[in-house]
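Everything below concerns the one structure shown next.
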Amino acid sequence: MTTTTTDTDVLDLLIVGAGFAGVHMLRRARERGFDAQVFEAGSGTGGTWFFNRYPGARCDFESFDYSYFDDDLQAEWTWTERYPGQAELLRYLDFVIDRFGLRDGISLEHRVLAAQFDDQAGGIWRVRVATPDGERTVHARHLVLATGSLSAPLTPAIEGIDDFAGDVLYTARWPKENVDLAGKRIALVGTGSSGVQVMPELAREAAELHVLQRTPAYVVESRNRPLDQADMAAFHRDREAYRERALTGVLGVHFPLAGMSAKDADPAEREAALEAAWQRGGSGILGAYADVLVDHESNAFVAEFLRRKIHDTVEDPETAESLTPRTYPVGGKRIVVGTNYHATFNEPHVHLVDLRRTPLERFTERGFVVDGVETEIDALVLATGFDTLTGAILGIDIEGVDGRSLRDEWAAGPVSFLGVHVAGFPNLHLVTGPGSPSVLANLFRAIEQHVDWITGLLDTMRDTGATTVDARANAQETWSETVRDLASGTVMADVDSAFVGANVPGKPRTFLMYAGGVSAYQDVLDGQVAGDYPGLVFDGAQTAVEPDSETARA
Ligand code: NA7
């Protein structure tokens, strides 16, 4: 029998999720003297990085970018690789938690199930939480969803998948204990970022590896490498300027985007520029020219360059062609940053199954069937993606004013003001929610933007005595139009991808992110602050709502 207890105290802030966003929110809230608590469903901190512990899991942004822009933390932490691996990211977060004494503010194995806004009680959120000791109802003035953008994994509905008797491993729920795949026959489904990262690691262990590919990805080499003292010293010398470059850029990373159109470049120079970007490694090749993501003709130069690289690398021409993306522009889906992915197909025990030519018929107890032929395997690895941006939020049963359900409000696709607020859901704050830069940017910058914004609101409300803050419906509508308009000017708009919800059966088609970049987005936030929050409505304020002077200066 489930026991239910109800807390009598009212928290200032209940934060859902102990990833980099939730931990940062907790830190900022505590610095301001707010009573805040993080509830995390997992048994450890790290959010999506806690669960995605598959071999090869690594961030596709560089360590110096994918971390908090905090001078003390940057001075004290030493990164060991150009791109941070999953284990290092967890160590880094642990360091941050201990550095600021945040651990007692985090309740693990606490899954938030439902949240109801109670207007009658002066505006509090009643939050139902499943804990190891039964269910609890917790009350809070503000509810912050730091639930992650890529945290609700998808389980593909492939015929017979439940009949398969061997090991089934999801990259997004990889077991904590050691998984022994040595000498096994393995099938991998999914060739996005996760599949491409895990594939060479599986190949190292497997007797046979079958990569079941539906859509080929554009893959750039990461050129990951260890960082040494000289790298760290160079970073420290340049720290401030580095941060400035990232904050004024589109993606929130240190490397600048070129100002020139690819169409205006001399062909030989263009080839040299793309080759240089390829040699540097990483997704920076998309920034080699200013218009790669907004102009199809310019995009085609980069796409064609990457297609040629596949044919240069993969020895078997048929396999190379199957691996070559031809049906969508580069950057239309997230570009994949990998290590030796294409080259690994040259190994004799690695087999590509091109599901566009020979569809996957079904799984069986022993393996998979393609073209009427059963291939026996011992283990199945699924890297089949996420219900991006909305999955984790809608996994919680959320009710705003008058019992309005968020699932209903978002039935035709998510709407928000700035990707943080949803009209009719006062004091609910989404960190990197739909309608904000989120996964189109370096998420660390996106997280910091939102945590600073929410902290500013909390300060302002404390100064003015306001009890609730909500989005104005017209501001939300205008924002949704802005998000749509910006998306329609990019090469991403018309591609069937997770960016538009196309990877989830039945999910409404809406472009889920703000495509204007983190710098332009910051200008919007600053404009709201300068104008005393025209898009928001505050209730209960004793004095005129003017942004807290200290936060506004920060
Ligand atoms: P992605 O990028 O959404 O990739 C999922 C992959 O799984 C993709 O190749 C899909 O093919 C494939 N998939 C999904 N369902 C099926 C079925 N039923 N059959 C065959 N193939 C399937 O997720 P990732 O985890 O790799 O990356 C997510 C983000 O993490 C990424 O954006 C980075 O930010 C890090 P499809 O392309 O849909 O044909």
If LYS263, LYS176 are ordered by their accessible area, calculated over protein heavy atoms with a 1.4 Å probe, which sequence runs from highest to lowest?
-> LYS176, LYS263
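Based on a Kirkwood Rh over C-alpha pairs, give the Stokes-Einstein translational diffusion coefficient of region 208-293 at 4 °C and viscosity 1.567 mPa s in µm²/s.
The Stokes-Einstein estimate is 84 µm²/s.
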Once amide hydrogens are built 1.01 Å from N within the peptide plane, the residues lying 5 or more places from ALA18 or on another chain with amide H under 5 Å from its amide H are ALA41, GLY46, GLY47
Would you compute, for the Cα atoms of the chain, the largest minus smallest coordinate along each principal axis and list the three values in descending order, in whole Å?
-> 73, 64, 47
Using distinct alpha-carbon pairs, which all enter the 1/r mean, Kirkwood radius of region 250-337 in Å | 13.5 Å
Round to a whole angstrom and tell me the spacing of the C-alpha centers of region 213-234 and region 235-307.
-> 15 Å
D_trans [Stokes-Einstein, Kirkwood Rh over alpha-carbon pairs] for region 143-249, 25 °C, 0.890 mPa s, µm² s⁻¹ = 137 µm²/s
At most 11 other Cβ within 10 Å, DSSP loop - GluC sites (Glu not before Pro), region 361-414 | GLU365
Which residues qualify? For GLU81, with a placed amide H closer than 5 Å and at least 5 residues away or on another chain, they are LEU227
Over the Cα atoms of region 399-540, Rg to Rh with Kirkwood Rh, two decimal places?
-> 0.97
For region 508-519, what does the Karplus curve 6.51 cos²θ - 1.76 cosθ + 1.60, with θ = phi - 60°, yield as ³J(HN,Hα) per residue in whole Hz, taken in order and with x for Gly and Pro?
-> x, 7, 9, 6, 8, 10, 7, 9, x, x, 6, 6
Karplus-derived 3J(HN,Hα), 6.51/-1.76/1.60, for each residue of region 244-252, Hz, glycine and proline x = 4, 4, 5, 6, 9, x, 7, 8, x
Report, ordered by chain and residue number, the aspartates and glutamates lying within cross-link reach of LYS176, taken as a straight Cα distance under 19 Å and ignoring same-chain residues fewer than 8 apart.
-> GLU40, GLU88, ASP94, GLU109, ASP167, GLU201, GLU205
What's the long-distance tail for region 199-240, i.e. % of Cα pairs beyond 13 Å?
-> 74 percent
From the cross-link list LYS263/LYS309; LYS184/LYS309; LYS309/LYS333, which pairs have alpha carbons spaced over 28 Å apart?
-> LYS184/LYS309
What's the long-distance tail for region 1-79, i.e. % of Cα pairs beyond 19 Å?
-> 55 percent
Residue-normalised 222 nm signal for the chain, counting each DSSP H run of n ≥ 4 as -39,500 (n - 2.57), nearest 500 deg cm²/dmol, is -9500 deg cm²/dmol
Counting sequence-distant residues (5 or more places) and residues on other chains, those with an amide H built under 5 Å from that of THR468 are ASP539
Qualifying GluC sites (Glu not before Pro) in region 76-178, DSSP loop, other Cβ atoms within 10 Å at most 15 | GLU109, GLU159, GLU177
Ratio of the Cα radius of gyration of region 112-206 to 2.2 N^0.38 Å, where N counts its residues = 1.63
Computed Kirkwood radius, in angstrom, where 1/r is averaged over Cα pairs of region 382-476 = 14.3 Å
Karplus-derived HN-Hα couplings along region 17-25 (A = 6.51, B = -1.76, C = 1.60, θ = phi - 60°), whole Hz, x at Gly and Pro | x, 10, x, 5, 6, x, 5, 5, 4
Select from GLY166, LEU458, ALA423 the residue farthest towards the positive end of the dipole of the chain; place +1 on Cβ of Lys and Arg, -1 on Cβ of Asp and Glu, and compute about the Cα centre.
-> GLY166
One can check that the equivalent ellipsoid of region 58-121, built from the alpha-carbon gyration tensor with semi-axes equal to the square roots of five times its eigenvalues, has lengths in Å, largest first, of 31, 15, 13
Please work out the Cα center distance from region 143-181 to region 361-418, rounded to the nearest Å.
-> 11 Å
Probe 1.4 Å - accessible area at VAL401, Å² to nearest ten = 30 Å²
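The values are calculated or read from the model by the stated rules, or taken from the named source; none is laboratory data. Note that this is a predicted model, so its numbers are computed, not measured. Positions of Cβ are backbone-derived with ideal geometry, glycine not excepted, and every protein chain shown enters the neighbour counts. Protein only, heavy atoms only, side chains kept; ligands, DNA and RNA dropped before computing areas. Shrake-Rupley method; radii C 1.70, N 1.55, O 1.52, S 1.80 Å.
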